[in-house]
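Inspection log for the structure reproduced underneath, given as structure tokens.
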Amino acid sequence: MADIRLKSVSKHFGAVRVIENVSLNIESGEFIVFLGPSGCGKSTLLRMIAGLESVDAGEIWIGDRRVDQLPPAQRQIAMVFQNYALYPHMTVKDNMSFGLQNIRMPKAEIEQRIANAAKTLEIDHLLERKPAQLSGGQRQRVAIGRAIVRDPKAFLLDEPLSNLDAGLRVRTRVELAQLHQRMQATMIFVTHDQTEAMTLASRIVVLNNRKVEQVGTPMEIYSRPASRFVANFVGSPSMNFLPVSRVTDRDGKALVTLPDQSEIQTQIPTNSLPSGDGLTLGIRAEAVRVTADGSTRGKSDVIERLGERTLAYVRLSDNSTIVAEDTGNSRLAVGESVSLRLDGASAHLFDAQDKAYHAAS
């Protein structure tokens, strides 16, 4: 295993800039997830680390060796692709051994590596089958096994679960987490699925518009987003955003007034906020509760019953919409008047440049 360092890395295709001045340190043994919308550059960044895309500026280091000028085969990494990339005419065993045979590794060592990887992935009973005889999850495990036998310094996984159905994605996600716990290997995983990122990552790297928006643990990303983009992209449902008409200092903390004249006492230090207007309140659905005595009122437009909780999409008097949470057995109906209590201690503020301001930690 080894740490991976990116130093001011950039990539462009003609006049189109895809990655711009990205610096990142990945510790040995970490499970890092590159998260972001389609087109943000996350797969390109992964392919640059793998050596499948050239670097136009900057440096990439794996361990104590600079690798951005080296071919993929010399970087000691293994890549798992979205489409598995298995040879259909070969058995599972042959697929896993193919790369090792090409470098003329002794047969006995190949056999031992395949046996160890197959046992780790619980596919030892599948070694004589061909890919067409396997389920999607089994094929994915074979693709991971082919990477494991190479004994790489890092594993790079490019949306490896996206071809699986919903139930199989959950099971394979758990298996991948367990695999990382057993191997303690350095892994970089690319996805646009926030659930995969939140459940798998040691740290998440949120990418947007060619650059890194934020790096942090899953709960840091969720609880203290660095920007409005991160707050909106991470979390289901997305964070509520409401315009602020006035900010008042109350004991050093910001008391915000919404357009419907309801007031929310936050725990955000007033002296940390920029001067002027243009602030937006951000608050997650779980911090907005349906209650009989709330200070904010509206009318329910949509009700989502999710079993353990109910989400109510409530239209306020200024015609803005806020998503609130109610109990799983909620009797709330569409068109009904709703009273809401907003937990100001969980609120965030965003300025006109989308920078976030939080309660003092």
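Structure summary
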| item | result |
| --- | --- |
| Those residues of the range 1-57 which are part of a loop (DSSP other than H, G, I, E, B) and within 18 Å of ILE77 (Cα to Cα), in sequence order | MET1, ALA2, ASP3, GLU27, SER28, GLY29, GLU30, GLY51, LEU52, GLU53, SER54, VAL55 |
| Output for the range 272-304, where each listed residue is closer than 13 Å to SER337 by Cα and not in a loop (DSSP other than H, G, I, E, B) | VAL290, THR296, ARG297, GLY298, LYS299, SER300, ASP301, VAL302, ILE303 |
| Any pair with Cβ under 6 angstrom, 6 or more apart, that starts in the range 66-89 at a residue that is without any contact (Cβ under 8 Å) to a residue 12 or more places away in the chain and ends at one that is surrounded by 12 or more Cβ atoms within 10 Å (Cβ to Cβ) | ARG66/GLU59 |
| Residue in the range 251-259 that is in the same structural domain as ARG331 (by TED's automatic domain parsing) and closer than 30 Å to GLU196 by Cβ present | no |
| Extreme residue, farthest from LEU6 (Cα to Cα), among residues of the range 173-228 that are of a type in the set (Val, Ile, Thr) and more than 12 Å from the chain's Cα centre (by Cα) | VAL174 |
| Residue under evaluation LEU258, criteria (1) under 31 Å from the mean Cα position of the chain (by Cα); (2) in contact (Cβ under 8 Å) with a residue 60 or more places away in the chain, criterion not met | (1) |
| Residue under evaluation GLN261, criteria (1) of a type outside the set (Lys, Arg); (2) at pLDDT 95 or above; (3) out of contact with any Gly (no Cβ under 8 Å at 6 or more places or on another chain), criterion not met | (2) |
| Residues of the range 64-108 satisfying the condition of being out of contact with any helix residue (DSSP H, G or I) (no Cβ under 8 Å at 6 or more places or on another chain), loosely packed, with under 15 Cβ neighbours inside 10 Å and not aliphatic (A, V, I, L, M) | ASP64, ARG65, ARG66, GLN69, PRO71, GLN74, ASN83, HIS89, ASN102, ARG104, PRO106, LYS107 |
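The values are calculated or read from the model by the stated rules, or taken from the named source; none is laboratory data. A quick note: this is a predicted structure, and the numbers were derived from the prediction, not measured. Cβ coordinates were reconstructed from backbone atoms using ideal geometry, including for glycine residues, and neighbour counts include every protein chain displayed.
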